[in-house]
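Below: the structure, in structure tokens.
The values are calculated or read from the model by the stated rules, or taken from the named source; none is laboratory data. This structure is a prediction, so every number in the text was calculated from the model and none was measured. Cβ atoms come from the backbone with ideal geometry, glycine included; neighbour counts cover every protein chain shown.
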Amino acid sequence: LAVSSGHGGRGLGTALIDAVVQWATTNGMPALTLTTFRDVPWNRPFYERRGFRVLAADEVTPGLRAKVIEEESYGLPAEIRVVMRRDITGR
């Protein structure tokens, strides 16, 4: 998720997350997952404030591990990434 710097601070990122949560709820998805930078000051905290939590290594599914490996091929080392999950309620 990225919002142009000229449009930051207006709630657009939150609105996008809310729209995806609504879609996931409507479509019976059990959870949302994402990968982001572990130590960029605004990334992980942004998602945590919106209900995502960092997954422990033993919670990362094979599919999510494959995503992290794919990201490494694009120059994003696994050690700087974190996998997060938000459970969907109200299903």
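Residues in the range 6-45 that are small (G, A, S) and either surrounded by 13 or more Cβ atoms within 10 Å (Cβ to Cβ) or over 23 Å from E71 (Cβ atoms) (or both): G6, G8, G9, G11, G13, A15, A19, A24, G28.
Checking each residue in the range 20-54 for being in a helix (DSSP H, G or I) and within 14 Å of the chain's Cα centre (by Cα) picks out V20, V21, A24, N43, R44, P45, F46, Y47, E48, R49. Of the residues making up the range 46-84, those that are loosely packed, with under 11 Cβ neighbours inside 10 Å and under 14 Å from G13 (Cβ atoms) number 1.
If the condition is being among the aliphatic types (A, V, I, L, M), assigned to a loop (DSSP other than H, G, I, E, B) and touching a helix residue (DSSP H, G or I) at 6+ places or on another chain (Cβ under 8 Å), then the range 55-91 contributes L55, V60, I88.
When you check R50 against the structure, is it within 17 Å of A2 (Cβ to Cβ), charged (D, E, K, R) and at pLDDT below 95, yes or no? Considered against the rule, which asks whether it is within 17 Å of A2 (Cβ to Cβ), charged (D, E, K, R) and at pLDDT below 95, R50 comes out as yes. Every residue in the range 38-91 that is of a type in the set (A, V, I, L, M, F, W, C) and closer than 14 Å to I17 by Cα, please. Selection gives F46, F52, M84, I88.
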